[in-house]
Amino acid sequence: MKRIGVLTGGGDCPGLNAVIRAVVKKSIQYNWEIIGIKNGWEGLITGELELLTGYTVSGILPKGGTIIGTSRTNPFNNEKDVQRVIENIKKFNIDAIVVIGGDDTLSVAHKLHKMGISLVGVPKTIDNDLSGTDFTFGFDTAVSIVTEAIDRLHTTAESHHRVIVVEAMGRHAGWIATMAGIAGGADEILIPEVPFEIEAVCERLRMRYNQGKKFSIIAMAEGAYPIEKKLTDRKTDDKESFGQNIGKTNLITQTNEKDAFGNIRLGGIGHFLAKEIEKRMNVETRVTVLGHVQRGGTPTAHDRILATRFGIAAVELIKNEDFGTMVALQGNKIVPIEIEEAISKCKTVDMDLYEMAKLFFG
């Protein structure tokens with residue numbers, strides 16, 4: 001009998017429980033014991049674990065969040081924590097670990113794999129910015145939520161003749177803003193991949209007004225920024241683990257504090273842009289920051305199915321002792337790729353898709 005650990009790290013995401021359920025169900029088929037590692041890597045530092053059974057995962061498929069908890073803990077910030085992780089893996093006789101997470105969580109997994117720990121990865125990010133996989137679960141749910149918000153905001157924007165800025169998640173990549181903007185019929189989409197000129201945005205909005213369209217919806221990612229001025233003295237560096245040299249870009253941030261992986265909390269670009277539009281165009285402007293609403297709630301059918309396929313495929317990788325790899329969606333197939341490949345660079349928005357979206361601007 002094997003004893004398999006499973007953990008969820010980083011931000012919560014619709015579909016996590018579907019992965020956990022699939023891992024447990026498939027492992028039971030092989031008569032393996034499944035151990036839930038509580039609160040991401042923190043659980044392997046503190047030794048907080050729980051046995052997962054078919055009964056434990058009954059009914060969790062449509063449930064948001066993660067039943068085993070999550071955190072942004074980075075054991076490599078403290079050498080003693082790394083030792084505790086290794087010691088607890090041995091202490092609890094864990095043969096292999098299914099690591100469900102984004103670039104930060106998987107960067108830890110990659111380092112541990114190089115130290116001889118048997119593990120496989122499952123990609124998790126609503127931003128859809130992990131390389132090697134066409135889509136990640138949670139992304140479809142987030143896009144659906146933002147699209148619905150844009151749909152609802154259209155009626156109030158039109159009634160009051162306002163410009164409404166919708167700020168979505170997306171630190172380095174604007175996938176959510178782009179896809180939801182297209183689906184919701186946004187009049188402008190602003191993303192980190194394409195720095196914008198504030199005056200150019202205003203000019204396109206003026207053209208709408210001159211055509212008799214007295215309202216506008218702008219979908220933008222939290223990591224979007226204008227090119228003509230510095231917004232703040234606070235700077236954020238692209239993470240080395242992501243491998244993409246975006247450089248030191250001045251961004252709107254909520255705080256100077258960084259998380260365990262060096263990330264600054266973004267947020268506020270929507271309010272900045274709204275004030276600029278009001279000042280330059282003398283039109284009433286409002287902002288909706290969707291924030292964690294995009295992460296919460298029940299996953300879509302698409303995300304439940306993708307998460308389930310990922311969970312089953314991860315167990316198969318363990319059975320085949322294909323460690324250091326991550327399951328990925330390529331076309332309609334689930335395939336293994338090296339974790340190192342997944343975290344090597346940020347998967348940014350397809351510019352052909354963005355050019356198509358621009359057809360509907362203004």
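The values are calculated or read from the model by the stated rules, or taken from the named source; none is laboratory data. Bear in mind that the values here come from a model prediction, so they are computed numbers and not experimental data. Glycine also receives a Cβ, built like all others from the backbone with ideal geometry; neighbour counts cover every protein chain displayed.
Consider segment 1-26 and keep the residues that are assigned to a helix (DSSP H, G or I) and in contact with an Asp or Glu (Cβ under 8 Å, 6 or more places away or on another chain). The one that is farthest from Ile176 (Cα to Cα) is Lys26. In the set (1) assigned to a helix (DSSP H, G or I); (2) modelled with pLDDT of 95 or more, the condition left unmet by Val165 is number (1). Considering only segment 1-36, state which residues are at pLDDT 95 or above and of a type in the set (Lys, Arg). Arg3, Arg21, Lys25, Lys26, listed by residue number. Within segment 60-93, the set of residues being closer than 23 Å to Thr308 by Cβ, surrounded by fewer than 24 Cβ atoms within 10 Å (Cβ to Cβ) and either in contact (Cβ under 8 Å) with a residue 60 or more places away in the chain or acidic (Asp, Glu) (or both) comprises Leu61, Pro62, Lys63, Gly64, Gly65, Gly69.
When segment 117-131 is filtered for residues that are surrounded by fewer than 24 Cβ atoms within 10 Å (Cβ to Cβ) and either modelled with pLDDT of 95 or more or β-branched (Val, Ile, Thr) (or both), the ones remaining, listed by number, are Ile117, Ser118. Assess whether Asn39 counts as being surrounded by fewer than 24 Cβ atoms within 10 Å (Cβ to Cβ) and over 23 Å from Ile86 (Cα atoms). Judged against the criteria, Asn39 is not a match. Search segment 94-105 for residues being among the β-branched types (Val, Ile, Thr) and in a strand (DSSP E or B), and hand back the single one that is surrounded by the fewest Cβ atoms within 10 Å (Cβ to Cβ). Only one residue fits best here, namely Ile97.
Note on segment 318-362: among residues that are farther than 19 Å from Ala219 by Cβ and of a type in the set (Ser, Thr, Tyr), the one that is farthest from the chain's Cα centre (by Cα) is Thr325. Pairing residues of segment 29-47 that are assigned to a strand (DSSP E or B) with residues that are charged (D, E, K, R), at Cβ distances under 6 Å and at least 6 apart in sequence or on separate chains, gives Glu33/Arg3; Gly36/Glu50. Candidates are the residues of segment 192-216 that are touching a Gly at 6+ places or on another chain (Cβ under 6 Å) and within 24 Å of Thr156 (Cβ to Cβ); the one that is surrounded by the fewest Cβ atoms within 10 Å (Cβ to Cβ) is Met207.
Residue under question is Asp151, and the condition is that it be assigned to a helix (DSSP H, G or I) and more than 30 Å from Val108 (Cβ to Cβ); does it hold? Yes, satisfied. Scanning segment 149-177 for residues that are more than 18 Å from Ile277 (Cβ to Cβ) and either β-branched (Val, Ile, Thr) or not assigned by TED's automatic domain parsing to the domain that holds Gly223 (or both) yields a count of 2. Scanning segment 283-298 for residues being out of contact with any strand residue (DSSP E or B) (no Cβ under 9 Å at 6 or more places or on another chain) and in contact (Cβ under 8 Å) with a residue 24 or more places away in the chain gives a total of 5.
The listed residues are Gly247, Gly267, and the only one of them that is at pLDDT below 90 and loosely packed, with under 15 Cβ neighbours inside 10 Å turns out to be Gly247. Note on segment 20-42: residues that are within 12 Å of Thr56 (Cβ to Cβ) and basic (Lys, Arg) total 2.
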